[in-house]
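Working notes, structure below.
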Amino acid sequence: MPAIMTAPSSFAERLRAAITAAGTTQTEIAQRLGLRRATVSSWCMGRTLPDIEAACKLARVLNVELESLCEATWHATPEDGADDEG
């Protein structure tokens with residue numbers, strides 16, 4: 001029976017998938033961002049999250065939309081004001 005593929009649900013999972021898709025490594029990403037590899041590893045392991053500036057640079061380096069890395073399981077509802085027209 002083939003394995004069922006599911007969309008990555010956490011930032012760490014999405015980051016690891018983006019790094020793999022880009023054909024690069026944590027070390028190369030760290031070098032391009034001017035960071036220690038341990039920092040990128042911490043993001044990939046889900047121990048910490050990058051600040052917004054680092055997340056933007058990370059998305060640029062990986063050639064992905066920032067939203068694709070940060071997309072949360074949370075979705076706006078009408079109660080959140082997402083459907084407000086005014």
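The values are calculated or read from the model by the stated rules, or taken from the named source; none is laboratory data. Computed from a prediction, not measured in an experiment: that's the story for all the values here. No Cβ is skipped: glycine too gets one built from the backbone with ideal geometry, and neighbour counts run over all protein chains shown.
Tallying residues that are of a type in the set (Asp, Glu) and at pLDDT 95 or above within region 1-22 yields 0. Which one is nearest to PHE11 (Cα to Cα) among residues in region 31-74 that are in a loop (DSSP other than H, G, I, E, B) and acidic (Asp, Glu)? Across region 31-74, the extreme among qualifying residues is GLU71. Checked against the criterion of being in contact (Cβ under 8 Å) with a residue 24 or more places away in the chain and on the phi > 0 side of the Ramachandran plot, region 49-67 has at least one qualifying residue.
Going through region 17-30 one residue at a time, which ones are in a helix (DSSP H, G or I) and exposed (fewer than 15 other Cβ atoms within 10 Å of the Cβ)?
Initial filter on region 17-30 (in a helix (DSSP H, G or I)): 17-21, 26-30.
Of everything in region 17-30, those that are in a helix (DSSP H, G or I) and exposed (fewer than 15 other Cβ atoms within 10 Å of the Cβ) turn out to be THR20, ALA21, THR27.
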